[in-house]
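Attaching a single structure in structure tokens format; questions to follow.
Throughout, read-outs are computed from the coordinates displayed, never taken from laboratory work. Computed from a predicted model, the values in this text were never measured in an experiment. Reconstructed Cβ throughout: ideal geometry from the backbone, glycine too, with neighbour counts over all protein chains shown.
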Protein chains: 2
Amino acid sequence: MTHYSDQRAYFFKIDTTIKKIRNALQKQLNEGGFDLTVDQWVLIDHIKRAPSISQNELAELTFKDPPTVTRIIDLLEKKGLVERAPAAGDRRKFNLFLTEKGADTYREAFPIVAEIRRKGWGDLEETDYQHFVRIMDSIYQNFN
Amino acid sequence: MTHYSDQRAYFFKIDTTIKKIRNALQKQLNEGGFDLTVDQWVLIDHIKRAPSISQNELAELTFKDPPTVTRIIDLLEKKGLVERAPAAGDRRKFNLFLTEKGADTYREAFPIVAEIRRKGWGDLEETDYQHFVRIMDSIYQNFN
DNA sequence: ACACATTAGTTCGTCTACTAATAGTTAAGC
DNA sequence: GCTTAACTATTAGTAGACGAACTAATGTGT
């Protein structure tokens, strides 16, 4: 029970750290005048990188559930940032694209996101990153 | 831009890892027949460790907002696991306690939580834990 | 060709996160 | 002492997470 792996700390630390990052990014997006949540940004980012992606593919890539993706895309479509185009050859599917307005938003918001990432990592080093990836991947894999 | 700290990876890895842990724990709680969410467990755990704690103190400790704590405590009270007692000397406050049923639930659910923590950490070592804590704390502090 | 399973997306219900606004209470300053 | 500020908890509204159940379309086996 007193062994380090039994402490609540690691669960708790991951949780509070991701909250901190999300809050910082959300605050910057708000102050930049963007009507965007962090999760909405994440989907826009993926669509920008893989235009014509389907909702299910998006769900897999972002580790969100299909219903969650549906709802976020609904919102982005309402704002005119994303477009659902019927997929050729499969009438169940949609191909997702950024609208012109969506592409503009991406371009304008990107520097804010990049700055938050840079700020969060601070002066941690390459070897820290290797430790970080190894430990996180290990925890993740332990649940597979 | 190609520098490691600019990758989306670290944000993404933290996010997916905490999701994985939460899902694993929730699944175990469900399979164990507990009518408890992960967040509800977190509050029960804190009340167990600090009986008579107030809602605001609980919010600070768990990094949840006061309205969130209010709602979760409402649910736990409805289930008969937690009790709100008026605080002596300050009629705005409540002192929170586990009911007998709440204490039973804690005792029964604890092994499940401990097992998930153990499983997640796997065979990572003490030095890994030190790296982990240092890196997480660093990211966290970079936003203060 | 037809029953059957699978896939893509949606709807619904419950829960948590966060903001803003509010009631009621207590503390502080002049 | 009295006004004002600060604090504790709550309510309301929007957004997101997730599971279950559903519709419509597609694929497979015989």
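Quick one: Debye curve from the C-alpha atoms of the protein assembly as shown, no solvent, what's log10 I(q)/I(0) at q = 0.11 Å⁻¹?
Evaluating at q = 0.11 Å⁻¹ gives log10 I(q)/I(0) of -0.79.
To continue, here is another question. In the Gaussian network model of chain B, springs joining C-alpha atoms below 10 Å, which of B:Thr17, B:Thr37, B:Thr105 carries the largest mean-square fluctuation?
Looking only at B:Thr17, B:Thr37, B:Thr105, the largest GNM fluctuation is found for B:Thr17.
Something else: Where is the GNM fluctuation largest for chain B (alpha-carbon springs, 10 angstrom cutoff): B:Ile47, B:Ile14, B:Ile73?
It is B:Ile14.
Run the label-point distances for B:Gly33 please: 7 Å along Cα to Cβ, every other copy, nanometres, shortest first.
Between copies, matching label points for B:Gly33 lie 6.0 nm apart.
Something else: Can you tally the net charge around A:Tyr140? Count Lys and Arg as +1, Asp and Glu as -1, for every other residue whose Cβ sits under 10 Å from the Cβ of A:Tyr140.
Value of the local net charge: +2.
If each of A:Ala88 and A:Leu61 carries a label point 7 Å out from its Cα toward its Cβ, how far apart are those two points in nm?
It works out to 2.0 nm between the two label points.
Evaluate the Debye formula for segment A:72-134 with equal point scatterers sitting on the alpha carbons, no solvent, and hand back log10 of I(q)/I(0) at q = 0.14, 0.16, 0.18, 0.29 Å⁻¹, in q order, two decimals.
After summing over all Cα pairs, the log10 values are -0.65, -0.72, -0.76, -1.15.
In segment B:10-114, if every C-alpha pair distance is counted and binned at 5 Å from zero, what percent goes to each bin?
2, 12, 22, 22, 19, 11, 6, 4, 1, 0
Next question. For B:Ala87, what charge total do you get from the other residues with a beta carbon under 12 Å from its beta carbon, if Lys and Arg give +1 and Asp and Glu give -1?
+2
Hey, another quick one. Can you tell me the 0 to 90 degree angle between the C-alpha axis of helix A:100-121 and the longest principal axis of chain A, rounded to 10?
10
Another question, if that's okay. For A:15-28, what's the mean count of beta carbons from other chains sitting within 10 Å of each residue's beta carbon?
5
Moving on. In degrees from 0 to 90, rounded to the nearest 10, what is the angle of the helix A:38-49 Cα long axis to the longest principal axis of chain A?
Tilt relative to chain A: about 60 degrees.
So what is the 222 nm mean residue ellipticity for chain A from helices alone, if each DSSP H run of at least 4 adds -39500 (n - 2.57) and you divide by all residues, rounding to the nearest 500 deg cm²/dmol?
Result for chain A, helices only: -21500 deg cm²/dmol.
Cut-off 10 angstrom, C-alpha nodes, Gaussian network model of chain A. Which of A:Arg134, A:Arg84, A:Arg107 fluctuates the most?
A:Arg134
Looking for one value pair here: nearest-to-axis residue in chain A (by Cβ) for the rotation onto B, and the distance in whole angstrom.
Of all Cβ atoms in chain A, the one nearest the axis gives A:His131, 2.
When you count, for each residue, the other Cβ atoms within 10 Å and take the mean per peptide, how do B:50-58, B:88-96 rank with the highest first?
B:50-58, B:88-96
Would you work out the Kirkwood radius for segment A:54-101? I mean one over the mean of 1/r across all pairs of different Cα atoms, in Å.
One decimal place: 11.0 Å for the Kirkwood radius.
Give me the distance in nm between label points sitting 7 Å out from Cα along the Cα-to-Cβ direction at B:Glu126 and B:Ala9, one decimal.
2.9
Can you pull the mean other chain C-beta count within 10 Å for peptide A:130-138?
6
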